[in-house]
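To start, the structure itself, in structure tokens.
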Amino acid sequence: MVKIAGALISLASICFAIFYILWFFGYLPINPELAVKLPVLAIVLALCFIAGWVGYVMLTAPRRPKQ
């Protein structure tokens, strides 16, 4: 099952890379400006998610007993 998931992830990443290259160079009829905006949005959202996750872990972590 893990090998199938790995193969699907690899295939999806290759397909997305091909799609993104075609889109970036204008071979697909999608606004090429989005080729820059969407990855920047994804990076910003990922950073916000990581910061929120770290904050949540810090907030909910049990206190260490004083020694």
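The values are calculated or read from the model by the stated rules, or taken from the named source; none is laboratory data. None of the values given here were measured: they were computed from a predicted structure. Heads up: the accessible areas ignore ligands, DNA and RNA and are worked out on the full protein's heavy atoms, side chains in. Shrake-Rupley method; radii C 1.70, N 1.55, O 1.52, S 1.80 Å.
Estimated from helices alone, the mean residue ellipticity of the chain at 222 nm is -26500 deg cm²/dmol (sum of -39500 (n - 2.57) over DSSP H runs with n ≥ 4, per residue). On a 0 to 90 degree scale, rounded to 10, what angle separates helix 2-24 from the longest Cα axis of the chain? Roughly 50 degrees between the two axes. The C-alpha atoms of the chain define a longest principal axis, and helix 34-60 lies at about 10 degrees to it. If a/c stays under 1.5 just call it rounded; otherwise compare a/b with b/c (prolate if a/b is bigger, oblate if not). Do that for the chain, with a ≥ b ≥ c from the square roots of the Cα gyration tensor eigenvalues. Since a/c reaches 1.5 but b/c is at least a/b, the shape of the chain is classed as oblate.
Here the chain has 78 percent of its accessible surface on carbon and sulfur atoms, given a 1.4 Å probe and all protein chains in place.
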